[in-house]
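Worksheet for the structure shown next.
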4 protein chains.
Amino acid sequence: MKVFDLAQPMRKGMPQSPNHPAYTHSLVRRHGDMVRAGGGSAANDLLVMGTHVGTHVDALAHVSQDGLLHGGVVAADVQSDAGFARLGIDEFPPFVGRGVLLDVARVHGVEVLPPGYEVTAGDLSAASGDLTINPGDAVLIGTGWSRHFQDGQTFLGTRDGVPGPGVDAARWLAEREIAVTGAETIAYEHIAPGAGHASLPVHRILLVGAGINIVETMLLSELADASVTEFQFILAPLKLVGATGSPVRPLAVVP
Amino acid sequence: MKVFDLAQPMRKGMPQSPNHPAYTHSLVRRHGDMVRAGGGSAANDLLVMGTHVGTHVDALAHVSQDGLLHGGVVAADVQSDAGFARLGIDEFPPFVGRGVLLDVARVHGVEVLPPGYEVTAGDLSAASGDLTINPGDAVLIGTGWSRHFQDGQTFLGTRDGVPGPGVDAARWLAEREIAVTGAETIAYEHIAPGAGHASLPVHRILLVGAGINIVETMLLSELADASVTEFQFILAPLKLVGATGSPVRPLAVVP
Amino acid sequence: MKVFDLAQPMRKGMPQSPNHPAYTHSLVRRHGDMVRAGGGSAANDLLVMGTHVGTHVDALAHVSQDGLLHGGVVAADVQSDAGFARLGIDEFPPFVGRGVLLDVARVHGVEVLPPGYEVTAGDLSAASGDLTINPGDAVLIGTGWSRHFQDGQTFLGTRDGVPGPGVDAARWLAEREIAVTGAETIAYEHIAPGAGHASLPVHRILLVGAGINIVETMLLSELADASVTEFQFILAPLKLVGATGSPVRPLAVVP
Amino acid sequence: MKVFDLAQPMRKGMPQSPNHPAYTHSLVRRHGDMVRAGGGSAANDLLVMGTHVGTHVDALAHVSQDGLLHGGVVAADVQSDAGFARLGIDEFPPFVGRGVLLDVARVHGVEVLPPGYEVTAGDLSAASGDLTINPGDAVLIGTGWSRHFQDGQTFLGTRDGVPGPGVDAARWLAEREIAVTGAETIAYEHIAPGAGHASLPVHRILLVGAGINIVETMLLSELADASVTEFQFILAPLKLVGATGSPVRPLAVVP
């Protein structure tokens, strides 16, 4: 059995969306600050962060269209200082099931797709090859973009864009009634050069329309390098009651 | 296949150790605050919390004895504003392997062990029954204490104590060279009535001595109710570089 | 010239209202963590806190009645993730002007008024003695409660209540068209034993009705001990755009 | 009497040093989230920030040289998770006294000094003109840089530098035994184009050597526009026990 770790490391200064509170880790108490009678000491820390930082899952509550969440839930009725009474990340049941990697970079014979490249339904179809996509599957889209994570400017793609699924790719996935999907970029969208995250058509199709959760900023390059396309996928976000998302440590397990 | 969720829900006000920054979730941006041109809107939130809140894993860096961490690492040499350069939670490889539940409450014919009860090596031996404990296993100790989670005063046990493994139980586990262990209480310790968390002998044996990570505040009552004692255990803490622990969503999978 | 410091010290664990995020100070970077080429080093810290912690000022945006803020402003129209577009603490102009201390404890011949004591209009009138209260003044009410600040349980008064102005005292102040008022307790209210902060009639009269800002958790005992009743009062809250309040360091200056 | 507000507004996204946790204000509870029986409602918020954000004062504990703070205090001996036991901002007594503005921009006949301009002792001498600088005064240095606050890129001066006092200007001030000094830029230093905040010679002279506190990111343009050079200066930082600095709302009062 081999376990692939599909999460990027979380550290201060890592690339993340400017729309969300930045990830910060502070070592508050250090060893030696307060030593107990027997010579023991405990250190601890403080996290301050948004829920959409690092590798993370979007809850269905994250995006609305014309004031409505998935299933026609009126956003204004379910949001308060207690978070979301419906469709928060705590309603996402931990996923343990079949996962497939659709390696679109490999289809194009490259390690990394160019910035601003729009992944199409045709790309997904080509990448799936002989694999069947079943209802309830987890589908991960490989663009190779994980390889840029250490280079924040490139990874964010503010100037040149980032590769990602376009509208017809999102529809292709929604038609297959998958349970969850993920990709390597900050936003699971095709971002044209200079366009920014102003519009989120794919989030609308998947989260609001189809009720399919999205995982972002995944580390998929190791899976791609190993040519693994089918695996047991494990996705267990923190049980944050009423939150719009959660950081997560997804795993792929192969026999 | 059945998946058991072994995490308690995380919400403001849940019981946690006063030694750690309290868990707080704030819904910062609500739907309607900023509606995009096409009618879409995104909500997001802010988390402020310690790393030892809710169901969580202790990193080996969490506890030192006489200034030393596990393996004789000098704590002062590896701690800084960047966290721990060694033995942080990011060094814990995601665990996917055999887990066993040693249901000590069942051994005693009760749903919940009394506050302040010390779990002994004899209890663990009796609870394991025909099960073998192998090196590299995950061993979870059932006390029934999960059932008090909604009653914070009782759960914390400030007055009456909490049940947990004593020193000889910890040695019994260390001798078996298990990989990780977990329990239902705030601290993986036996806390006598009125004693507080002043001394942490079991943390010393497991974290500092044996290099065995500890999971605390687990939800084990559903597993106990289903009489599941052997399962695939999944423990994938957030990849928080240099942190002394991480909240987590552990899972038990049975065929 | 003598300057009286009217703020309580801010430190982790100080008594504060459970309705607000707790004050936390973390020393994030210590000297030695990152030493510059020339041997210099800078330390820094992180604050996490509500705006109604320690000695603080309430903005007019803090309280609404039937959905309306002071002056009939519709709360729902001016609140968003950017804070309050109207009546935030940034609209409070720094106050430098006449301040008077109405020492009600002295009127009753005690150092500290009993828990749960309701300060009346008659008390304020008696305490003012020969002093005239002018429109635009700052009026501080002395109860002696500052002296309990180091004893959090007593100070919060959860069981026995706290002394404070009742409804007719608030009206007495509002009629005098003062600019701002302050007191020593967590909430500028009379809290009967066991009653908690469930209802805030005085906040309603002062903030919503009269547009008079409130300062809470002040240190007034030194002023009272020195028998100072008239002074230059300085109140300069942080210019937190859109916030419902701000911690502050009020001063009383006497020639 | 006229009161000049010498603080910049604090809002998310304002320019600040990347060395410190960013200022964030979140409106956590909004009106309507929890309406009390009588129709009243209270809103509140959460601040997360460094202590060196917006207009702020540096405590003497902020900077060390060769491991020593001002007066030879060994930094390692006084720093812990409780902050600084000595020389924290809580040891700075609120300042109410004589303040002078040395308007160096005016000396040069400009509204704003060029980026990267080094303010010299000669500049300070020329700007003081007929004014005497007395021991215990507060001395503010005008560069006009406040006027760039709304333009974060220019204000930070990452590319082109920022104007500020050089080493001989700092010595000139230290010789005069002033109590506190302030300026309009992020760091009270001369930053050459492209140089960054790598070295802080002026902090060393003032904080470590002379024990003179520094105020940064002040709003001085209104004072300069009004040609006010002498005033009552009020500086009352929050009483943050053990912190390396504090945000502040300084005032200048003229008769």
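We did not get these values from a lab; they are worked out from the coordinates using the rules stated. What you are looking at is a predicted structure, and each value in this text was computed from that prediction instead of being measured. No Cβ is skipped: glycine too gets one built from the backbone with ideal geometry, and neighbour counts run over all protein chains shown.
By the helix-only formula, in which each DSSP H run with n ≥ 4 contributes -39500 (n - 2.57) and the sum is divided by residues, chain B has a 222 nm mean residue ellipticity of -3000 deg cm²/dmol. Rounded, prolate or oblate for the range A:87-177? Axes are the square roots of the Cα gyration tensor eigenvalues, ordered a ≥ b ≥ c, and the cut-off for rounded is a/c under 1.5. It comes out oblate by the Cα gyration axes.
Residue-normalised convex hull volume from the C-alpha trace of the range A:119-163: 96 Å³ per residue. Mean-square fluctuation check for chain A, GNM, Cα pairs under 10 Å: which of A:SER146, A:SER64, A:SER227 is largest? Evaluated over chain A, the most mobile residue of the options is A:SER227. Roughly speaking, what % of Cα-Cα pairs in chain A are separated by over 31 Å, rounded to a whole number? Percent of Cα pairs beyond 31 Å in chain A: 24.
In the range A:23-105, what chymotrypsin sites (Phe, Trp or Tyr not before Pro) fall in a loop by DSSP, with at most 12 other Cβ atoms inside 10 Å?
Those that pass, being in a loop and sparsely packed, number zero.
Peptides C:101-107, A:56-62 ranked from most to least packed by the mean count of surrounding Cβ atoms within 10 Å: A:56-62, C:101-107.
What is the Cα centroid distance between the range C:125-149 and the range A:42-114, reported in whole angstrom? Comparing the Cα centres of the range C:125-149 and the range A:42-114, I get a distance of 54 Å. Electrostatic tally near D:TYR188: other residues with Cβ closer than 11 Å to its Cβ, Lys and Arg +1, Asp and Glu -1, net -4. Taking every residue in A:62-71 and counting other chain Cβ atoms within 10 Å of its Cβ, the average works out to 4.
Between beta-carbons, use under 10 Å as the cut-off and find the net charge around A:ALA224, counting Lys and Arg +1, Asp and Glu -1. Before the final figure, lay out the partial values.
On the way: positive: A:ARG106, A:ARG147; negative: A:ASP103, A:GLU111, A:GLU184, A:GLU222, A:ASP225.
Net charge in that neighbourhood comes out at -3.
Partner shielding of C:93-103 amounts to 2, given as the average count of beta-carbon atoms from other chains within 10 Å of each residue beta-carbon. Our coupling estimate for the range B:206-212, obtained by passing each phi through the Karplus curve with A = 6.51, B = -1.76, C = 1.60 and θ = phi - 60°, is 7, 6, 6, x, 9, x, 9 Hz, Gly and Pro reported as x. The DSSP beta bridges internal to the protein assembly as shown are antiparallel in roughly 70% of cases.
Over the range B:119-255, one equal point on each Cα, no solvent: what is log10 I(q)/I(0) by the Debye formula at q = 0.11, 0.17, 0.21, 0.22 Å⁻¹? At q = 0.11, 0.17, 0.21, 0.22 Å⁻¹ the computed log10 ratios are -0.39, -0.99, -1.52, -1.64.
Shape of the range B:9-96 from the C-alpha gyration tensor: prolate (a/c of 1.5 or more and a/b above b/c, with a ≥ b ≥ c the square roots of its eigenvalues). Inter-chain Cβ neighbour count for C:229-240, averaged per residue, equals 5 (cutoff 10 Å, partner chain atoms only).
Near the amide H of B:ARG98, within less than 5 Å, lie the amide hydrogens of B:ALA138, B:PHE233, all on another chain or at least 5 residues away, with H placed in the peptide plane.
Residue-wise HN-Hα couplings along the range D:219-227, as the Karplus relation 6.51 cos²θ - 1.76 cosθ + 1.60 with θ = phi - 60° gives them from phi, are 9, 10, 5, 5, 5, 5, 4, 8, 6 Hz; Gly and Pro carry x.
The antiparallel fraction among DSSP beta bridges confined to chain A stands at about 70%.
Mean projected area of the convex hull spanned by the Cα atoms of the protein assembly as shown, taken over all viewing directions: 40.7 nm². Summarised in one figure, the compactness ratio Rg/Rh of the range D:181-255, Cα atoms and Kirkwood Rh, is 1.00.
Could you calculate the FRET efficiency of D:MET1 with C:ASP160 from 1/(1 + (r/R0)^6), where r is the beta carbon distance between them and R0 is 41 Å, rounded to 0.05?
Here the calculated transfer efficiency is 0.40.
Between D:LEU240, D:LEU87, D:LEU46, the GNM of chain D built on Cα springs shorter than 10 angstrom shows D:LEU46 fluctuating the most.
Here the range C:1-45 is scanned for amide nitrogen atoms under 17 Å from the site 7 Å beyond the Cα of C:GLU222 along Cα-to-Cβ, giving C:1-11.
Net charge in the neighbourhood of D:ALA75 (other residues with Cβ under 11 Å of its Cβ; Lys, Arg +1, Asp, Glu -1) is -1.
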